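Here is the structure we will look at.
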Amino acid sequence: MSPRRVVPPRKKRTRRAAAGGAQAALTEPMVDRLMWRAGFGPSEADRQRFKGMSLHRAVDRLLADPRGPASGPPPRRRDGTPLRPYESDTDLVLAWCDEMIRTRNPLVERLTFFLHRHFATQRVEVSPPQLMTQQTAVFRKYSDLGSNRISDFRNLTYEVGEGPAMLRFLTGEDSRKGRPNENYGRELMELFCLGVTNAAGQPNYSEGDVKEAARAATGWRLNDTDPNNVSAYFDPTRWDEGSKTVLGQTGAFNHRQLVDVVLSHPSHAPFLVTKLWGEFIPTAPDRATLRDLVRVYTGNRLRLRPLVRRILTHPAMLASIKEPTMIKAPIVFAIGVMRTLGLGITDETLYNVLNDMGQLPYFPPTVAGWEGGAAWLNTNTALARFSAANRLLSQKYATLPAKAPEDEAGETPKQAFARAHAAVGRPWVGRGTKSALLYYATKARNTSANDRIARQRVLRAFLLGGPDAQVM
């Protein structure tokens with residue numbers, strides 16, 4: 001009888017072991033990944049600052065930095081005039097883009113834009129335009145996790161629901177006792193806090209819940225006599241003070257009590273943490289990760305900083321470093337190019353390229369914001385992205401003395417590629433793309449200065465706007 005084989009027990013995988021990649025020293029590609037996912041791409045200063053740190057330490061630095069004043073002077077058009085965001089919707093968009101370009105901590109603006117997409121309001125339905133920037137300031141306050149360490153989703157939802165922009169967008173200012181408007185009650189549950197169904201596919205709320213929620217949210221009005229100082233106020237004579245039953249709870253709920261009821265629903269935490277996770281990581285969280293994120297979020301009284309930290313330091317953040325898989329949203333792509341090239345806003349080019357790519361801040365296509373993900377890449381938008389890189393490069397060339405890249409006589413194909421790569425911030429380039437660009441550099445004409453300059457233009461355009469530039 002042969003001896004029985006003894007199989008050693010399988011070692012339990014600890015949380016520390018699972019997080020090993022997050023504790024390792026960051027390489028330059030890892031820093032680039034973090035700054036694309038949590039910002040608008042890396043600068044050389046970012047690479048020097050974070051290289052060699054652990055992911056945890058780097059994220060802690062990002063979270064600790066307050067937003068602070070934007071770097072550099074505010075934008076002016078080529079004729080010297082400033083942007084006028086309350087006179088032109090184009091300037092309204094560009095003014096926020098300028099904040100993204102000049103911000104000292106891009107994570108703040110990324111989170112601000114996430115909240116704009118989450119609580120989507122549309123400029124076409126909201127006037128005066130000051131209401132949009134007023135709402136963005138609220139989003140920014142809750143996104144500045146260095147200054148507002150106790151930022152939480154509950155108070156954010158209170159402020160957004162009682163803010164002039166949302167009241168006007170969802171016509172909440174007209175909702176009163178006897179004539180409640182259901183728009184806000186529906187979006188509060190469907191889009192902001194719960195989602196339509198839970199993980200088992202069961203409805204999270206009923207039409208009856210929507211009707212009762214609408215009654216609770218009555219009573220709010222706007223004073224818009226001064227467009228620069230629009231305020232919302234509660235008028236108790238217009239509020240339905242009667243008993244309501246929402247999501248199985250009964251009481252004479254007002255707006256904030258309604259929010260509390262909705263946030264106590266078991267679907268809220270999984271819904272919110274999954275959506276925030278998707279801002280930074282393209283693959284859905286597994287069950288264990290989702291449970292952990294929910295525990296962090298609810299255990300910290302719905303505060304955003306601990307949740308953001310847990311997501312950004314998850315090992316999935318550094319997955320597929322050699323082959324990025326997350327598609328850049330147009331705003332991330334375009335602002336990243338602007339920052340890489342050191343460009344400021346001097347005309348409407350950035351507005352036009354964002355419009356062509358399908359993502360203008362303040363103009364989401366629906367109340368659900370933008371779809372995102374793979375939907376960003378189709379025949380039209382892929383061409384628009386490549387065109388955007390070319391147009392922004394042309395802006396950069398316009399600032400150079402020769403209006404073009406310098407010529408390097410005698411430059412080899414490899415040297416031409418290396419110079420182009422450095423000029424556009426040394427972005428990630430896949431092996432196949434690098435081979436193709438080196439092949440092009442070898443075959444392109446290079447007998448004259450104009451030939452070599454044209455080769456540089458083509459290489460830079462493909463590095464900034466080609467397929468590899470669309471992922472992070």
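The values are calculated or read from the model by the stated rules, or taken from the named source; none is laboratory data. Just so it is clear, the model here is predicted, and its values are computed rather than measured. Don't worry about glycine lacking a Cβ; one is built from the backbone with ideal geometry, like all the others, and counts go over all protein chains shown. The protein model used for the area step is the full one, side chains on, heavy atoms only, and it has no ligands, DNA or RNA in it. Shrake-Rupley method; radii C 1.70, N 1.55, O 1.52, S 1.80 Å.
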Of Ala389, Asn228, Tyr158, which is farthest on the positive side of the dipole of the chain, counting Cα position, with +1 on Lys and Arg Cβ, -1 on Asp and Glu Cβ, and the Cα centre as origin? Ala389
Could you check the simple spin-label distance between Ala64 and Lys177, using points 7 Å along Cα→Cβ, in nm with one decimal? 5.3
Accessible area (Å², 1.4 Å probe, nearest 10) - Phe363: 50
Placing unit charges on C-beta atoms (Lys and Arg positive, Asp and Glu negative, everything else neutral), compute the dipole magnitude of the chain about its Cα centre in debye, rounded to 20. 2600
Each label point is 7 Å from the Cα along the Cα-to-Cβ direction; what then is the distance between the points at Asn355 and Ser147, in nm? 3.2
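If you rank Ser448, Ser147 by how much accessible surface each has, with a 1.4 Å probe, what is the order from largest down? Numbers along the way, then the final one.
On the way: Ser448 45, Ser147 80 Å².
Accessible-area ranking of Ser448, Ser147, largest first: Ser147, Ser448.
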Any residue on another chain or 5+ positions along whose placed amide H is under 5 Å from the amide H of Asp152 is listed here as Leu304
Quick check on the range 177-250: take the gyration tensor over C-alpha atoms, sort the square-rooted eigenvalues as a ≥ b ≥ c, and tell me if it's rounded (a/c under 1.5), prolate or oblate. oblate
What are the lysines whose alpha-carbon lies under 29 Å from the alpha-carbon of Lys434, with same-chain residues fewer than 8 places away excluded? Lys51, Lys322, Lys328, Lys396, Lys403, Lys414, Lys443
Could you tell me the calculated FRET efficiency between Tyr233 and Val196, based on Cβ-Cβ distance and R0 = 22 angstrom, to the nearest 0.05? 0.10
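Between Asp260 and Thr433, what is the FRET efficiency for a Förster distance of 56 Å, r being their Cβ-Cβ separation, to the nearest 0.05? Spell out each step's value before the answer.
Values: r = 52 Å, r/R0 = 0.92.
For Asp260 and Thr433, the calculated efficiency is 0.60.
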Computed over the range 270-395, the relative contact order (Cα-Cα under 8 Å, seq sep at least six) in percent reads 23
Mean projected area (nm²) of the alpha-carbon convex hull when the range 378-472 is viewed from all directions: 6.2
Segment Tyr440-Ala284, extension gain: residue separation times 0.36 nm, minus the distance between their alpha carbons: 52.3 nm
List the lysines whose Cα lies under 30 Å from the Cα of Lys177, skipping any in the same chain that are fewer than 8 positions away. Lys211, Lys244
Taking a ≥ b ≥ c as the square roots of the Cα gyration tensor eigenvalues, with a/c under 1.5 meaning rounded and otherwise prolate when a/b beats b/c, else oblate, which class fits the range 275-391? prolate
What do you reckon, how do Ile327, Ile345 stack up by accessible area (1.4 Å probe), largest on top? Ile327, Ile345
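Could you provide, to the nearest whole Å², the per residue accessible area of the range 313-416 with probe 1.4 Å? Please list the in-between numbers first.
On the way: 4610 Å² over 104 residues.
In whole numbers, the range 313-416 has 44 Å² accessible per residue.
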Heavy atoms only, probe 1.4 Å: what % of the accessible area of the range 183-297 goes to carbon and sulfur, would you let me know? 51
In a shell of Cβ-Cβ distance under 13 Å around Ile150, excluding Ile150 itself, what net charge do Lys and Arg (+1) and Asp and Glu (-1) give? +4
Taking the Cα atoms of the chain alone, what are Rg (to one decimal) and Dmax (as a whole number) in Å? 25.1, 96
Any chance you could run the full-extension gain for Glu159 through Ala402? It's 0.36 nm times the residue separation minus the Cα-Cα distance, nm to one decimal. 82.3 nm
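How much length is gained on full extension from Thr346 to Ser88, taking 0.36 nm per residue of separation minus their Cα-Cα distance? List each step's numbers first, then the result.
Details: separation 258, 0.36 × 258 = 92.88 nm, distance 1.49 nm.
Stretched out fully, the Thr346 to Ser88 stretch lengthens by 91.4 nm.
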Say R0 is 56 Å: what FRET efficiency, to the nearest 0.05, do Lys414 and Ala137 get from their beta-carbon distance? 0.70
With n ≥ 4 as the cut-off for DSSP H runs, can you work out [θ] at 222 nm for the chain, using -39500 (n - 2.57) per run divided by the number of residues, rounded to the nearest 500? -14500 deg cm²/dmol
